[in-house]
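Enquirer: Sharing a structure here in structure tokens format.
The values are calculated or read from the model by the stated rules, or taken from the named source; none is laboratory data. Note that the coordinates shown come from a computational prediction; the quantities given were computed from them, not determined experimentally. We place every Cβ from the backbone using ideal geometry, glycine too, and count neighbours over all the protein chains shown.
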């Protein structure tokens, strides 16, 4: 399995954990920060294209602050 597919599975799984309450907002934020660092490295090493990077980036759940503003 390639890097893009692995990241997609991991992000989807972590989003499901966050939505179900298995992980906290703080844990999700930490996951997001660390994963974005890895994605930056993978992009620089040509492990996937800029289009794939943007697709993966869009999969992340918005930060808690912006989510609250949207629901008001």
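Enquirer: Within the stretch 39-50, track down each residue that is in contact with a helix residue (DSSP H, G or I) (Cβ under 8 Å, 6 or more places away or on another chain) and either closer than 19 Å to residue 63 by Cα or in a helix (DSSP H, G or I) (or both).
Expert: 39, 42, 43, 50
Enquirer: I've got another one for you. Considering only the stretch 14-34, I want to know if a residue exists there that is at pLDDT 95 or above, more than 27 Å from residue 2 (Cβ to Cβ) and in contact with a helix residue (DSSP H, G or I) (Cβ under 7 Å, 6 or more places away or on another chain).
Expert: Taking every residue of the stretch 14-34 in turn, at least one turns out to be at pLDDT 95 or above, more than 27 Å from residue 2 (Cβ to Cβ) and in contact with a helix residue (DSSP H, G or I) (Cβ under 7 Å, 6 or more places away or on another chain).
Enquirer: Kindly list, by first and then second residue, each pair from a residue in the stretch 2-16 that is under 12 Å from residue 31 (Cα atoms) to a residue that is modelled with pLDDT under 95 and not in a helix (DSSP H, G or I), limited to pairs with Cβ atoms under 7 Å and residues at least 6 apart or on different chains.
Expert: Once the first residue is under 12 Å from residue 31 (Cα atoms) and sits in the stretch 2-16, its partners that are modelled with pLDDT under 95 and not in a helix (DSSP H, G or I) give 15/61.
Enquirer: Same structure, new question: Write out, first by first residue and then by second, each pair whose Cβ atoms fall under 7 Å of each other, whose residues are 6+ apart or on separate chains, and whose first residue, in the stretch 19-48, is more than 18 Å from residue 9 (Cα to Cα) while the second is not in a loop (DSSP other than H, G, I, E, B).
Expert: Sorted first by the residue in the stretch 19-48, then by its partner, the pairs are 25/64.
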